Amino acid sequence: MTKPKGGQVSFRMGRRRAFASALASTVSCGIGIASGHAAEESLSARFSRNKLYFGTAVRIEQVVGEQDLRTVVLRECDWLTPEVALKWSHVERSPGAFDFRSMDGLTNFALANKKQLHGHTLLWHKSVPSWATSALTERDGWTLLQRYFQAVISRYGHAITQWDVINEPIETGYRMDGLRASIFLQAFGVDYIARALREARRLAPQARLMINEFGLEYELRFEHDRRYHFLKLLERLKGAGVPLDGVGLQAHLDLSKGPLATDALSRLLKEIADLGLFILISELDVKEHEYILPVERRDARVADETRRYLDVVLAQPAVRGLSTWGLSDRHSWLEVTKDDFARYPHAWKDGSGPGLNRGLPFDASMNPKPMYRAIADSSRRPR
Ligand code: XIL
């Protein structure tokens, strides 16, 4: 079963008007109070006491169109990450024709409401516009990357001071160095990472430049290999004096993957910190596994996994912040898949189904769940 993507709220009709009134209401009312937990101190307030920031990924179309979501985003977060609006395939759908509408909207919203922006992401193998895939391997392929970097960094450099320059460079099982054989590697060789970071530094001399990676949390053999190759990549880059300031650990937790590799994970964080890099937990959410359980038990499992994970990572002083990949299950990119259904051939005969994946702090009606509490409690973790 797939759910309709909530991200498609129309941004065409009356976009300006809706946007203006959203800005006006949020600015004039200040921080709103989410119904149902008005007495709670917000996550960003809790985290900031521990010198950490709290944020989430958003789509401005959803934030503008859904007042309950907007209230919670404004209340809980001090950092916002564009879920899609900065990605190359979104910004430059045809060569040289840039579409900045969503990112301009998010930037105005962030500035008007005093939120920081995280620049996600410049190079990601999954967000290359289709026209660029063959063009990149041509002789002047690099100039296409330069044009895109130049366009977004010059437009948003005043508001974005921290960029995921490279997203997901590691893939094990193919090459000895563990680098993903992406279109970038095919076109420019292994040096593309250093080259892209230098390019970004040239355009944004003051910004913090980062590499963001997933699949580093569990005791699985291939996640062990991913940790190893990720660290080796960081060591090589730092050893060569490449401009790299920080690392994002996506933290898409997954209850089908078995135990968290707590010791290996805290060692990895320490080794990253020893390289002089800061760390963000950049995309936290939880993919469920046992959808057949009662909702209370499902929520407890999600919260327990979140607690176990944050207990390890927030102990590392180099961690500067935590961002979830969305706040509400309503818009989670994680879906209950066909395989999930196939595990329970006799369930949901009445056609009801397990509902949405419940791996974010708020449910689809914007009520906080035990995962919210787990995050709130983790903000007190001594560091
Ligand atoms: C995802 C978005 O959430 C989806 O809506 C989009 O279709 C694909 O990208 N790791 C990342 C994010 O770094 O950019 C991805 O976001 C989720 C996985």
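Between Leu255 and Asp140, the FRET efficiency estimated from the beta carbon spacing at R0 = 45 angstrom works out to 0.45. Close amide-amide hydrogen proximity is noted between Gln116 and Trp79, Leu80, each under 5 Å apart and 5 or more residues distant or on a separate chain (H modeled in the peptide plane; Pro and chain starts excluded). Remark: the Cα gyration tensor places the stretch 82-132 in the oblate category, a/c being 1.5 or greater and a/b not exceeding b/c.
In terms of its alpha-carbon gyration tensor, the stretch 150-207 comes out prolate; a/c meets the 1.5 threshold, and the first ratio a/b outweighs b/c. The distance between label points at Gln67 and Asp263 comes to 5.4 nm (points 7 Å beyond Cα on the Cα→Cβ vector).
Comparing Gly178, Gly258, Gly215 in a Gaussian network model of the chain (Cα springs below 10 Å), the most mobile by mean-square fluctuation is Gly258. In sequence order, the stretch 323-335 has phi-based couplings of 10, 8, 8, x, 9, 10, 3, 3, 10, 5, 6, 7, 10 Hz under the Karplus curve 6.51 cos²θ - 1.76 cosθ + 1.60, θ = phi - 60°, and Gly or Pro positions carry x.
Between Arg49 and His346, the modelled label-to-label distance comes to 5.0 nm, taking each label 7 Å out from Cα in the direction of the beta carbon. Please state, as a whole number in µm²/s, the translational diffusion coefficient that the Stokes-Einstein equation yields for the stretch 38-102 at 37 °C and 0.692 mPa s, with Rh defined as the Kirkwood radius across alpha carbon pairs. Approximately 243 µm²/s, per Stokes-Einstein.
Loop-located trypsin sites (Lys or Arg not before Pro) across the stretch 146-221 with a Cβ neighbour count of 14 or fewer within 10 Å are Arg175, with loop assigned by DSSP.
Rounded, prolate or oblate: pick one for the stretch 111-251, where a ≥ b ≥ c are the square roots of the eigenvalues of its C-alpha gyration tensor, a/c under 1.5 means rounded, and failing that, prolate if a/b is larger than b/c, else oblate. It is oblate, given that a/c is not under 1.5 and a/b is not larger than b/c. Averaged over its residues, the chain has an accessible area of 43 Å² per residue, based on protein heavy atoms and a 1.4 Å probe.
Rounded to the nearest 500, the helix-only mean residue ellipticity at 222 nm of the chain stands at -12500 deg cm²/dmol, with each DSSP H run of n ≥ 4 adding -39,500 (n - 2.57).
Quick one: if the Förster radius is 30 Å, what FRET efficiency do Gln150 and Arg320 give, using the C-beta to C-beta distance and rounding to 0.05?
E between Gln150 and Arg320, to the nearest 0.05, is 0.60.
Based on the reciprocal of the average 1/r between different C-alpha atoms, the Kirkwood radius for the stretch 64-190 equals 16.0 Å.
In this structure, the amide hydrogen of Arg175, modeled 1.01 Å from its nitrogen in the peptide plane, lies closer than 5 angstrom to no residue at least 5 positions away or on a different chain.
Average projection, convex hull of the Cα set of the chain: 19.3 square nanometres.
Taking amide H as placed 1.01 Å from N in the peptide plane, Ala364 has its amide H under 5 Å from the amide H of Asp329, Arg330, each at least 5 places away in sequence or on another chain. Applying 0.36 nm per residue to the separation of Glu219 and Arg236 and subtracting their alpha-carbon distance, the gain on full extension is 3.7 nm. Here the accessible area is traced with a 1.4 Å probe on the protein chains. For the chain, carbon and sulfur cover 52 percent of it. The alpha carbon convex hull volume per residue for the stretch 245-352 rounds to 112 Å³. Cut-off 10 angstrom, C-alpha nodes, Gaussian network model of the chain. Which of Ser352, Ser328, Ser182 fluctuates the most? Greatest mean-square fluctuation among the candidates belongs to Ser352. Within the listed set Pro370, Pro205, Pro361, the residue fluctuating most in the Gaussian network model of the chain (springs between alpha-carbon atoms under 10 angstrom) is Pro205.
The values are calculated or read from the model by the stated rules, or taken from the named source; none is laboratory data. Given the structure is predicted, the values throughout are model-derived calculations rather than measurements. Methodologically, a virtual Cβ is constructed for each residue, glycine included, from the backbone with ideal geometry; neighbour enumeration extends over all protein chains shown. Accessible surface is based on the protein model in full, side chains and every heavy atom, while ligands, DNA and RNA are left aside. Shrake-Rupley method; radii C 1.70, N 1.55, O 1.52, S 1.80 Å.
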